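Each remark here refers to the structure printed beneath this line.
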Amino acid sequence: MKYTRLTKEQFEELHREFAEFLAVQGIDKIKWEQLKTEEPEIVEQHLDIFSDIIWESALDKSEFLEHFSKNHIFLFRFTENKAESVVIYCANPNIDLLTQEGLVWLSENISSDQIEIKQGHKSFEDKNSVIFTLIRQGALITNGNLYKQIKIALGI
């Protein structure tokens, strides 16, 4: 398994897609129930394969990620073999960037000496593995609006 198995809730949400996946494998509802009791290892393999397919599809479409902490915001943009990053650091210990108030403060003080902004980039061979690792560390897939706004606001 390349990624991680979907949760029970995710499988329930993707019930129709999973049924179609099994149908392509020649497995109907009766056969599935039979496999669950007689060959659970085959069931596990199908769950893992389907999970990887779903993850691969979602990661293929991903271009932007965001990760927030109390005093950092990490913004990422991915191309096929490169990631660009913008890291915003708030040196003011009284500001929490995880709150609405903290974000308002940031927008009003983006150019102050209490804010440090760095850019970076990194090349890689497997975009999806890099994105998956960041997601496991707490990053979220986004539409990239914040990344774009920061780049425009700072002229970078």
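Derivation of every value follows stated rules applied to the coordinates shown; laboratory data play no part. As the structure is a prediction and not an experimental result, all values here were calculated from the model. Neighbour counts run over all protein chains shown; Cβ positions are idealised from the backbone, glycine included.
Mind jotting down a quarter of the surface of the convex hull over the alpha carbons of the stretch 64-154, in square nanometres, one decimal?
5.7
Let's see if you can work this out: charge +1 on each Lys and Arg Cβ, -1 on each Asp and Glu Cβ, no other charges. What is the dipole magnitude of the stretch 1-69 about its Cα centre, in debye to the nearest 20?
Charge dipole, the stretch 1-69, about its Cα centre: 80 debye, nearest 20.
Please report GLU20, GLU66 as a ranked list, fewest other C-beta atoms within 10 angstrom at the top and most at the bottom.
GLU20, GLU66
Exposure proxy check: PHE124, PHE68 ranked by fewest other beta carbons within 10 Å?
Ordered from fewest to most neighbouring Cβ atoms within 10 Å, PHE124, PHE68 come out as PHE124, PHE68.
Taking the radius of gyration and the Kirkwood hydrodynamic radius from Cα positions alone, what is the Rg/Rh ratio for the stretch 8-61, to two decimal places?
0.98
Give me the percent of Cα-Cα pairs in the chain that sit more than 25 Å apart, rounded to a whole number.
47
Among HIS121, ILE141, ALA153, whose Cα projects farthest towards the positive end of the dipole of the stretch 112-156, with charges put on the beta-carbon of Lys, Arg (+1) and Asp, Glu (-1)?
ILE141
Starting with the fewest neighbours, write out VAL24, VAL43 ranked by other beta-carbon atoms found within 10 Å of each beta-carbon.
Going from least to most buried by this count: VAL24, VAL43.
Suppose each label sits 7 Å from its Cα in the direction of the beta carbon; what would the LYS29-LYS118 distance come out to in nanometres?
Result: 5.6 nm between the two label points.
Dipole of the chain, Cα-centred, from +1 at each Lys and Arg C-beta and -1 at each Asp and Glu C-beta, to the nearest 20 debye?
Charge dipole of the chain: 520 debye, to the nearest 20.
For a 27 Å ceiling on Cα separation, which of these pairs sit above it: LYS2/LYS61; LYS2/LYS36; LYS8/LYS82; LYS36/LYS127?
Beyond 27 Å between Cα atoms: LYS8/LYS82; LYS36/LYS127.
Work out the FRET efficiency for LEU98 and THR142 from their Cβ-Cβ distance, taking R0 = 25 Å, and round it to the nearest 0.05.
0.95
Counting only C-alpha contacts under 8 Å and six or more residues apart, can you give the relative contact order of the stretch 23-156 as a whole percent?
25
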